[in-house]
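The values are calculated or read from the model by the stated rules, or taken from the named source; none is laboratory data. This is a predicted model, so every value here is computed, not measured. Cβ coordinates were reconstructed from backbone atoms using ideal geometry, including for glycine residues, and neighbour counts include every protein chain displayed.
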Amino acid sequence: MNPSLLGEPRPMPVLTDVDLVGRDMCLGCHGQQLLGGRIPGSPPDWPPAPRLAPGEGSVMANYPDAESLIRLFRTGKRADGSAVRVMPFESLRETNETDLRALHLYLSGRQAS
Ligand code: HEC
């Protein structure tokens, strides 16, 4: 083991938006362009993933501020109290607040392609 990896302060890892979205598998379900749709290979009773990218029909219209997205990740519920299905909130709920704020900025500002 390289001793320089131990006990030394290391710079904060740089969070890139794509890291977060890729690491937490948003892309796997919401699509490579985050346009949503049926999840390939998913059971027939799974709802389609909504569009996250900005534009017509984006579900991010329901998440105008970071707090609302943080609430979703902590509770697994929409503002009206209904449960969001399929998403792995057991792990997503552990996402730290800084990452969720970055995620919200990213999803709000992302240009549709
Ligand atoms: C295993 C597949 C899966 C993964 C991984 C996943 N999602 Fe989802 N997501 C869904 C599905 C399916 C829905 C629709 C659920 C429903 O209608 O009950 C959804 C719904 C949503 C919603 C809308 C909730 C609402 O108000 O209706 C948001 C926002 C969202 N996902 C963001 C994300 C983000 C950001 C990530 C990555 C950190 C992510 N999702 C990861 C499948 C997934």
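Among the residues of the stretch 93-113, those that are within 18 Å of R23 (Cα to Cα), more than 8 Å from the ligand (Cβ to nearest atom) and assigned to a helix (DSSP H, G or I) comprise E97, T98, D99, L100, R101, A102, H104, L105, Y106. Among residues of the stretch 56-82 that are within 13 Å of S108 (Cα to Cα) and more than 11 Å from the ligand (Cβ to nearest atom), those with a Cβ under 8 angstrom from a residue that is at pLDDT below 95 and part of a helix (DSSP H, G or I), sequence gap 6+ or separate chain, pair up as D65/H104; A66/L100; A66/R101; A66/H104; A66/L105. For the stretch 79-92, enumerate the residues that are part of a loop (DSSP other than H, G, I, E, B) and either more than 17 Å from W46 (Cα to Cα) or hydrophobic (A, V, I, L, M, F, W, C) (or both). Of everything in the stretch 79-92, those that are part of a loop (DSSP other than H, G, I, E, B) and either more than 17 Å from W46 (Cα to Cα) or hydrophobic (A, V, I, L, M, F, W, C) (or both) turn out to be A79, D80, G81, V84, V86, M87.
For the stretch 83-104, filtering for residues that are more than 15 Å from C26 (Cα to Cα) and either touching a residue at least 60 places away in the same chain (Cβ under 8 Å) or crowded, with 16+ Cβ neighbours inside 10 Å (or both) leaves 1.
Restricting attention to the stretch 23-39, the residues being within 11 Å of the ligand (Cβ to nearest atom) and either under 16 Å from G55 (Cβ atoms) or modelled with pLDDT of 90 or more (or both) number 11.
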